[in-house]
Amino acid sequence: MSLSDKRTLSDHLTQILPNRDANVGNCEATRLADSVCIHLKHYFPILAKKSNPQSKKLREKFVRLILSTQDNKDFIYYKPSNDDTPNQSWNRPSAGYRQWRISYLMYEWDHVIPLNNLNKDGNCCRDVHALENLALMSGNCNQFVKCSLSIEMMLKILRGKNDNVLIDRITKVLDNRNKLFSSVEWANFKKEVYHNEINSLIDKVLLKN
């Protein structure tokens with residue numbers, strides 16, 4: 001790659017700044033409904049199947065529900081006091097600086113309880129693969145701000161920096177998530193997910209017989 005083809009973070013921030021406060025668009029939400037599949041296969045193999053039409057509808061619904069707890073923005077989103085100042089939401093560069101060439105945020109799935117959170121047996125904590133453990137972050141927030149930290153540890157670091165803006169944002173999102181996960185809407189969604197798993201398995205058995 002020649003020097004003229006390279007992109008700097010400054011280039012990316014200048015390009016993305018007009019969309020800094022934008023909500024997640026439909027195309028990005030559709031992409032997220034596919035990219036979440038790798039995180040679902042442990043407990044929900046049918047939901048993780050991209051070729052299953054009903055699973056796709058459920059994944060798209062899941063994306064909308066998770067985004068609703070984040071105001072359709074980055075988990076660690078905040079609005080700087082100066083309109084010309086970038087916040088901490090930007091893309092990771094990716095191969096060939098591909099994600100630094102676009103003018104919108106490409107969100108990534110994050111595990112609120114980190115995958116490196118091991119139980120007493122040295123295995124992954126069961127909760128890390130739950131639907132309730134997934135959140136959406138920009139590449140920078142996922143890789144460098146949260147950076148495999150637990151929420152408790154991240155808040156502890158932010159308190160040490162007196163970063164009340166981010167503390168308030170994270171606390172608000174966590175409250176929103178708790179409300180969603182204890183709601184009738186979420187309970188009904190989980191029923192749909194389980195029914196989809198069971199019905200697909202039944203169909204598979206019937207086809208064999």
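The values are calculated or read from the model by the stated rules, or taken from the named source; none is laboratory data. Bear in mind that the values here come from a model prediction, so they are computed numbers and not experimental data. In this analysis, Cβ positions are derived from the backbone assuming ideal geometry, glycine residues included, and neighbour counts consider all displayed protein chains.
Within the stretch 16-30, residues that are within 22 Å of Phe62 (Cα to Cα) and assigned to a helix (DSSP H, G or I) reach partners that are hydrophobic (A, V, I, L, M, F, W, C) and at pLDDT 85 or above with beta carbons closer than 8 Å, at six or more positions or on different chains, in the pairs Glu28/Leu105; Glu28/Met106; Ala29/Val63; Ala29/Leu67.
Of all positions in the stretch 7-18, none carries a residue that is within 24 Å of Trp186 (Cα to Cα) and surrounded by 13 or more Cβ atoms within 10 Å (Cβ to Cβ). Each residue in the stretch 57-107 was checked for being surrounded by fewer than 21 Cβ atoms within 10 Å (Cβ to Cβ), touching a strand residue (DSSP E or B) at 6+ places or on another chain (Cβ under 9 Å) and outside any helix (DSSP H, G or I), and 1 pass. Filtering the stretch 150-160 to residues that are under 20 Å from the mean Cα position of the chain (by Cα), aliphatic (A, V, I, L, M) and exposed (fewer than 15 other Cβ atoms within 10 Å of the Cβ) leaves only Met153. Can you name the residue in the stretch 31-54 that is part of a helix (DSSP H, G or I) and touching a His at 6+ places or on another chain (Cβ under 9 Å) and is also nearest to Trp100 (Cα to Cα) among such residues? Checked the stretch 31-54; the qualifying residue nearest to Trp100 (Cα to Cα) is His39. If you go through the stretch 30-45 one residue at a time, do you hit one that is over 13 Å from the mean Cα position of the chain (by Cα), surrounded by fewer than 17 Cβ atoms within 10 Å (Cβ to Cβ) and closer than 22 Å to Asp175 by Cα? No, that holds for no residue. Selection of the stretch 161-193 for residues being over 20 Å from the mean Cα position of the chain (by Cα), in a helix (DSSP H, G or I) and modelled with pLDDT under 95 yields Asn164, Val165.
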